1. What are the residue pairs meeting all of these: first residue in region B:76-96, first residue in contact (Cβ under 8 Å) with a residue 60 or more places away in the chain, second residue away from DNA strand D (no atom under 14 Å from the Cβ) and among the acidic types (D, E), Cβ atoms under 9 Å, and 6 or more apart or on different chains?
2. Answer yes or no as to whether A:A58 is at positive phi and of a type outside the set (V, I, T).
3. Looking at (1) out of contact with any strand residue (DSSP E or B) (no Cβ under 6 Å at 6 or more places or on another chain); (2) assigned to a helix (DSSP H, G or I), which is the only condition A:S46 fails?
4. Quick check: anything in region B:36-55 more than 10 Å from DNA strand C (Cβ to nearest atom) and either over 18 Å from the mean Cα position of the chain (by Cα) or within 14 Å of B:M148 (Cα to Cα) (or both)?
5. Could you list, in sequence order, the residues of region A:123-156 that are surrounded by fewer than 19 Cβ atoms within 10 Å (Cβ to Cβ), on the phi < 0 side of the Ramachandran plot and among the acidic types (D, E)?
6. Scan region B:72-92 and tell me whether some residue there is under 30 Å from A:A146 (Cβ atoms), assigned to a helix (DSSP H, G or I) and at pLDDT below 95.
7. If you check B:V79, B:V75, which single one turns out to be more than 13 Å from DNA strand D (Cβ to nearest atom) and in contact with a Leu (Cβ under 6 Å, 6 or more places away or on another chain)?
8. Name the residue, out of B:A18, B:A67, that is in contact (Cβ under 8 Å) with a residue 40 or more places away in the chain, within 14 Å of chain A (Cβ to nearest Cβ), surrounded by 14 or more Cβ atoms within 10 Å (Cβ to Cβ) and over 23 Å from A:C88 (Cα atoms).
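The values are calculated or read from the model by the stated rules, or taken from the named source; none is laboratory data. Only a predicted model underlies this, so the values are computations on that prediction, with no experimental measurement involved. No Cβ is skipped: glycine too gets one built from the backbone with ideal geometry, and neighbour counts run over all protein chains shown.
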Number of protein chains: 2
Amino acid sequence: MSGGVEWALHCAVVLTTAPSPVPAARLAALHDVSPSYLAKHLQALSRAGLVRSTQGQAGGYELTRPAEQITVLDVVDAVEGSSAAFVCTEIRQRGPCAAPPEACAAPCAIARAMRSAELAWERELRSVTVADLAAQVDDGAPEALARMGAWLSGDA
Amino acid sequence: MSGGVEWALHCAVVLTTAPSPVPAARLAALHDVSPSYLAKHLQALSRAGLVRSTQGQAGGYELTRPAEQITVLDVVDAVEGSSAAFVCTEIRQRGPCAAPPEACAAPCAIARAMRSAELAWERELRSVTVADLAAQVDDGAPEALARMGAWLSGDA
DNA sequence: GCCGAGCTACTCGGATAGTTCTTGTCCGAGTCAATGAGG
DNA sequence: CCTCATTGACTCGGACAAGAACTATCCGAGTAGCTCGGC
């Protein structure tokens, strides 16, 4: 899985506390990661409609919806692409013992099992929102999130 | 996800019906895939202890356990490697607002959410055995599996 | 003091190289079965 | 007819290239705010 998913999720969590737009460069400085590369992933979030971008001075990124309405799956799909990890190439229809096409209306048993597992994975990620993550962070280290929000808004 | 997982699963299912060892070349011919590349994945299965390999004439691969004792997760882990897809790089400990190391004994909320999803995925794959897959194939197309087994053992 | 045109500086967005991982291929080491000679 | 050494061919196993995807970077298009002159 792409490592940018982790960055995007952390950005989404800290954006929860920022009242005004935050530039990508500042988000990168907060996490000490490559600014240019982080920008790429933030663009993916923007294309998916999770964040809104404003240009010019005092511009940056901000969430478009309340954090309670953004699931972890939304962020992962935005960065990774929503395509399934396992793709069935229908090899049962190939070779000397190929199954007739009319018998292949339904996906094969292997594809069904893999799809079922992916659905379980998605269901789990859909059950956690960015707001939940922020609440857990605040439970573990109170005021840490607030300090980050203040740092993003104000001083260097 | 690696495409070889599909090949390995199909091979495991058809090996259910073969009483004697089957060479990799014949498995490749049955599915009309690259023999050399399929051999690579069968070696992975062998390293994981799912299949036994015998050399020389009349050699080939055969399952080491009853198909009821081989889960889909076993095959996927053997081919893909059992490492987690999401790896937390602990970026919370970096940057100007870094969390103190003593507060990071437990994994962060993001890593927990991703891990939980992966566990759900693994649980689903662990609940399906190769025997289940074979039974479903036989339900959908009766005798198709038997025909494949006969082709593997005997004629060209 | 108020308004507006111009300007500057800052922002995002997509197009551009480098590196790692997956895909695909090949040939050598080892082994089993068949074969033929000998007893 | 039985035994056994030899041969042969077939098997796996790991080492070797090609392509794609991820990682990392840069510069141009566009915009918001600030500045300065005019009214």
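1. Between residues of region B:76-96 that are in contact (Cβ under 8 Å) with a residue 60 or more places away in the chain and residues that are away from DNA strand D (no atom under 14 Å from the Cβ) and among the acidic types (D, E), the close pairs are B:V76/B:E122.
2. Details: at positive phi: yes; of a type outside the set (V, I, T): yes.
In short, yes.
3. (1)
4. The answer is no, given that none of the residues of region B:36-55 is more than 10 Å from DNA strand C (Cβ to nearest atom) and either over 18 Å from the mean Cα position of the chain (by Cα) or within 14 Å of B:M148 (Cα to Cα) (or both).
5. A:D132, A:D138, A:D139, A:D155
6. Step one: list which residues in region B:72-92 are under 30 Å from A:A146 (Cβ atoms), which gives B:86-92.
So of that shortlist, the ones also assigned to a helix (DSSP H, G or I) come out as B:91-92.
Checking the rest, the ones that are also at pLDDT below 95 come to B:91-92.
Checking region B:72-92: at least one residue is under 30 Å from A:A146 (Cβ atoms), assigned to a helix (DSSP H, G or I) and at pLDDT below 95.
7. Numbers: B:V79 fails: in contact with a Leu (Cβ under 6 Å, 6 or more places away or on another chain).
None of the others qualify; the one that does is B:V75.
8. On the way: B:A67 fails: over 23 Å from A:C88 (Cα atoms).
Answer to the check: B:A18.
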